[in-house]
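Below: the structure, in structure tokens.
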Amino acid sequence: MSEAEISSAVETAIEVPGHVAIIMDGNGRWAAARGLPRVEGHRRGVEALRRTIRAASEIGIQIVTIFSFSAENWSRPVSEVSELMGLLRRFIRNDLAELHQSNVRVRIVGERTGLDADIDRLLVEAEELTRKNTGLTLVVAFNYGARQEIARAARRIAEQVERGALKSADVTVDTVGQFLDAPDLPDPDLIIRTSGEQRLSNFLLWQAAYSELVFVPIYWPDFDRAALEAAVREYQQRERRFGGLVAKTGS
């Protein structure tokens, strides 16, 4: 590798966030603004997801975590939940081969207990088929809530203490992190939420402690490579302090 290539690689590593998490919000409002049924907004949201995965891989992002279905989404109308489950089934069946061919590794976080058997099988298939892939990692937060994840971690730690495998005095921040759903993944550098809403909505609350937050005014079905790159450029202008000295994200 030449000096110019090394310099370019270093610059890219500094400027591009390694882990981007996305709250894909606004499908229903996008559809309502166009006089369309909510389901059409969700369908167009799947298209936006495809665009975003391709763009993220092309610009050098290593991990993308998407909030695909929250633990609270079960309270939506039965017909809408059914349609969302259908979209998930179709996405995995139709897109998994392409993701695998593109060297994308799929990871799933969230509660698996109580899911329909065929949904659970599809999630397992997606992880198993792509386990050895070395390109972009796509983390799908499905049936996920951050408070629920932290509660699961606390329960696992309590079980370790009860068995005598861990002392309560040894429980630290790092210990809690080790019992989360995906302890091997780094915290997100950047969290993007579409639709103009400015809250995390029970998404990655533990991991978001020092993430940069970018709130985008467009609805998720309109999200594309240009919107992703604009969010990354905003991230590059931030000064990341992590509670200490300034660490600029850009060069």
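The values are calculated or read from the model by the stated rules, or taken from the named source; none is laboratory data. In this text, all values refer to a predicted model and were calculated from it rather than measured experimentally. Quick reminder, even Gly has a Cβ in these numbers, built from the backbone with ideal geometry, and neighbours come from all protein chains shown.
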Inset, instruction - For the stretch 106-146, name all the residues that are under 16 Å from Ser57 (Cα atoms) and over 13 Å from the mean Cα position of the chain (by Cα). - result: Thr130, Asn133, Thr134, Gly135
Inset, instruction - Run down Ser201, Ser211, Ser195, Ser168 and say which single residue is surrounded by fewer than 13 Cβ atoms within 10 Å (Cβ to Cβ) and not aromatic (Phe, Trp, Tyr). - result: Ser168
Legend entry - Among the residues listed as Ser8, Ser57, Ser68, the single one being under 23 Å from Ala226 (Cα atoms), under 16 Å from the mean Cα position of the chain (by Cα) and at pLDDT below 90: Ser68
Inset, instruction - Determine if the stretch 211-228 includes at least one residue that is modelled with pLDDT of 95 or more, more than 17 Å from Gly26 (Cα to Cα) and of a type in the set (Phe, Trp, Tyr). - result: no
Inset, instruction - Report, by residue number, each residue of the stretch 146-164 that is crowded, with 21+ Cβ neighbours inside 10 Å and closer than 17 Å to Leu115 by Cα. - result: Glu149
Inset, instruction - Quick one: in the stretch 34-48, of everything that is modelled with pLDDT under 95 and of a type in the set (A, V, I, L, M), which residue is farthest from Thr65 (Cα to Cα)? - result: Val39
